[in-house]
Amino acid sequence: MAVLAEIAGDESPPPLPPSEGGEASGAPSTSSPSDADGGGKPSPRTSKPGRKRLVLTASVLLSFLIGLPLLLKSTEIHRSPLPSDAIAALSRRLHSNPPSFPCGLHAVFLRSGRDPSEASVANRIEREISTQLVDLPDASTAGKISVSVTVESAGGCSSSSKVASPWRCGAVTTADLGRGDEVFDELLDSALGDGGGDGMRVYTVVFVDSDDLKRIVIGKHRHAWVVGKVDEAEVVSIIGKVFVKYFMNGGVEEGEASTVKREFMPVGSDGNIVLSFSLLNADPSDWVYDWEFENIGQRMLTPVIEALRPIANINIESQVLYHTPKSSYSYSDDKLGGNVLSVGDIPFFVNSNEWHLDTSISATGRSKVLQFVVYIPSARECPLYLQLPDGELSKTNAFISPMWGGVIIWNPPGCSFGSKPHGALDKMSSEELMETIEIFIGQLRQLFGLKSSYHTQSMDGVTKFITSPKGFAQWELDLLYRHHACSNLLSCLTTLESLSSLVQSLPRMIVMDEIGRQVELSLEAASLAQRNASLGIISATRARALAEDAFFHPSVMSISYASIEHYFAIYMPFFAPVSLHVLLAVMKELKRYMVERRKYSAFLASQATSS
């Protein structure tokens with residue numbers, strides 16, 4: 001303000017000349033805006049008003065105006081553009097056309113007699129099977145189904161004309177049934193080959209005309225066969241039922257199909273699974289047991305891991321824990337000669353406070369850990385049995401917890417009601433460990449939405465299922481592949497939609513270029529999974545992993561995002577008062593300059609008139 005006062009003093013007008021009345025005044029002119037605005041006549045100004053005060057005040061305002069873009073630039077949030085339109089387009093495609101994968105059904109009729117019109121018979125049977133498959137359940141993930149029929153008899157071998165038949169005529173005969181179902185299963189696999197192209201899986205049902213009793217056998221590959229004297233209409237019905245019920249829905253009843261489809265598969269978003277096997281000694285003061293899991297367990301589980309590798313990368317861990325009592329109660333039963341655990345107490349069986357199971361070093365990122373526990377009860381509760389709701393005892397003495405794992409209650413040899421502890425260190429025998437691993441494999445099948453086994457079933461005349469040493473038949477793995485690919489695509493879409501909504505709801509949210517790139521790659525992988533069935537599993541898994549990586553990017557989680565009102569609350573207490581004073585000073589100085597300029601103009605006009 002002192003500077004402004006000095007400038008004002010420098011710009012004071014000189015003394016006025018003597019007036020017409022001869023009076024002279026030595027006082028300086030003290031014109032002001034108030035004089036101009038008042039009712040009195042303003043005193044004239046004889047010198048041109050200076051602009052220093054106006055320029056200085058305007059420069060202060062100009063510095064504020066120039067600094068405002070710099071301030072906004074310094075607080076700008078980097079936001080990589082997300083392809084919201086592409087995400088919406090993917091959502092429309094998945095909802096209008098749910099993910100599905102093409103499959104093929106090939107029916108083979110091995111007849112003992114001579115039929116001169118095999119081609120016409122094959123075409124007619126193909127139409128009948130296609131008509132029956134129209135009622136395919138909605139729970140199936142199969143897309144377009146291609147049907148082909150081959151009729152082989154003593155008169156020759158002929159196939160329907162629509163689809164090329166993968167069947168090699170003459171490779172299998174009715175006499176091969178006498179070699180056993182296991183051998184016949186392998187013969188059919190060699191006669192059919194891989195079958196299908198462009199990733200399409202072809203499933204074959206072979207009808208063998210024989211005098212044997214009617215029976216249906218489901219192989220461990222992608223085929224089944226029907227043996228017996230059965231008329232053609234019944235064979236067509238059986239072929240359709242086998243294809244839909246087993247090859248498409250995994251042997252699940254129609255009422256259970258929707259439950260299996262909606263069930264989330266226990267696979268981490270990064271495509272990794274850790275199988276953690278634990279041997280729990282409830283009370284080491286009674287007895288202590290160890291196992292040779294590294295030798296026997298891993299050897300038995302290796303084929304299972306290899307079979308499931310297209311679905312997930314599986315790692316195995318094992319440990320032995322002590323002092324691990326259960327948290328539920330059991331009651332003694334003199335008739336059974338032991339303690340009984342009811343099904344209602346199963347939810348309270350796992351003791352999370354005492355069972356330190358989550359010690360995995362392989363579970364990194366978003367991997368899924370499945371716990372498989374062998375529980376050895378203490379002497380005071382041994383033997384311990386699991387009682388089913390119908391009052392019968394469980395044959396495996398085991399149960400599962402969806403998305404968590406499974407538990408086996410293992411009563412040591414010699415354990416009887418009221419047995420005495422011996423405190424010695426023992427080991428589970430090889431036979432006992434192998435039986436335990438087999439139960440665990442059945443529990444793993446259940447966790448993936450399949451039945452533990454089909455040995456006790458006799459549905460639709462099915463008398464036998466050929467078991468696979470891998471724990472999963474090939475047609476079961478195909479079912480898991482399809483369900484897992486569909487689940488990954490839907491999960492990818494949900495994650496991308498959530499990320500897009502989150503970015504739109506937070507205008508101040510930082511979106512790194514890496515996040516935008518991950519979203520684009522996820523959309524490309526999802527589109528590839530829809531177009532190419534052979535790459536569906538890999539692409540769908542990659543699409544989901546990239547979407548999860550984008551959503552859980554560290555830059556998204558590390559900053560607290562504030563609204564625009566928050567920034568106003570921070571900067572306004574400082575900038576508002578200063579800016580207001582500067583703006584008022586400029587307006588006041590401009591008004592003063594205009595008044596002084598009018599005075600000077602009036603003086604020049606009066607001088608011109610007098611001269």
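The values are calculated or read from the model by the stated rules, or taken from the named source; none is laboratory data. All values reported here derive from a predicted model rather than from experimental measurement. Please note: Cβ atoms are built from the backbone with ideal geometry, for glycine as well, and neighbour counts cover all protein chains shown. What goes into the accessible areas is simple: the full protein's heavy atoms, side chains included, and nothing from ligands, DNA or RNA. Shrake-Rupley method; radii C 1.70, N 1.55, O 1.52, S 1.80 Å.
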Options Asn281, Met300, Met403, ranked by Cα towards positive dipole end of region 272-448, top entry (Cβ charges): Met403
Accessible surface, per residue, of region 265-414 when the full set of protein chains is kept, probe 1.4 Å, Å²: 44
Please list, in chain and number order, the residues 5+ apart from Leu341 or on another chain whose amide H is under 5 Å from its amide H, with Hs placed from the backbone. Tyr385, Leu386, Gln387
Amide H neighbours of Arg45 at under 5 Å, excluding residues fewer than 5 places away on the same chain, with H built from the backbone geometry, are Tyr600, Phe603
Given H placed on each backbone N at 1.01 Å, which residues far from Lys464 in sequence or on other chains put an amide H within less than 5 Å of it? Ile216, Ile218
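Listed highest first by mean packing, meaning other Cβ atoms within 10 Å per residue, what order do 467-478, 496-507, 214-225 come in?
Working: 467-478: 19.6, 496-507: 16.2, 214-225: 21.5.
Top to bottom by mean Cβ count within 10 Å: 214-225, 467-478, 496-507.
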Provide the net charge surrounding Val511, with neighbours chosen by a C-beta distance below 15 Å and charges set as Lys +1, Arg +1, Asp -1, Glu -1. -2
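Arg597 to Ser63: FRET efficiency via 1/(1 + (r/R0)^6), r the Cβ-Cβ distance, R0 25 Å, to the nearest 0.05? Don't jump to the answer; show the numbers that get you there.
Numbers: r = 25 Å, r/R0 = 1.00.
Given R0 = 25 Å and the Cβ-Cβ separation, E is 0.50.
In debye, nearest 20, what is the charge dipole magnitude of region 272-448 about its Cα centre with +1 on Lys and Arg Cβ and -1 on Asp and Glu Cβ, if you could check? Working shown, then result.
Working: 11 positive and 20 negative charges, 91 e Å.
In total the dipole reaches around 440 debye.
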Solvent-free Debye scattering, log10 I(q)/I(0), computed from the Cα coordinates of region 272-448 at q = 0.08, 0.10, 0.12, 0.14 Å⁻¹: -0.24, -0.38, -0.55, -0.76
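Pairs Lys245/Lys464; Lys52/Lys73; Lys214/Lys241; Lys52/Lys588; Lys326/Lys451: which exceed 25 Å Cα-Cα?
Distance filter (> 25 Å) returns Lys52/Lys73; Lys326/Lys451.
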Expressed as a rounded percentage, what relative contact order does region 272-448 have, with Cα pairs under 8 Å and six or more residues apart? 32
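What full-extension length gain, to one decimal in nm, is calculated for His581 and Ser453 as 0.36 nm per residue of separation minus the Cα-Cα distance?
Values: separation 128, 0.36 × 128 = 46.08 nm, distance 8.45 nm.
Contour length minus the Cα-Cα distance gives 37.6 nm.
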Residue-by-residue Karplus 3J(HN,Hα) for region 184-189, coefficients 6.51, -1.76, 1.60, Hz, glycine and proline x: 4, 4, 5, 5, 5, 5
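Computed FRET efficiency, Cβ-Cβ of Lys588 and Ala89, R0 60 Å: what is it to the nearest 0.05?
Numbers: r = 59 Å, r/R0 = 0.99.
Once rounded, the FRET efficiency stands at 0.50.
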Rounded to the nearest 0.05, what FRET efficiency do His356 and Leu336 give with R0 = 22 Å and r taken as the Cβ-Cβ distance? Could you check? 0.10
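Carbon-plus-sulfur fraction of the accessible area of region 272-448, 1.4 Å probe, in percent? Mind dumping the intermediate values first?
On the way: 4200 of 8290 Å².
Taking all protein chains in place, region 272-448 shows 51 percent carbon and sulfur surface.
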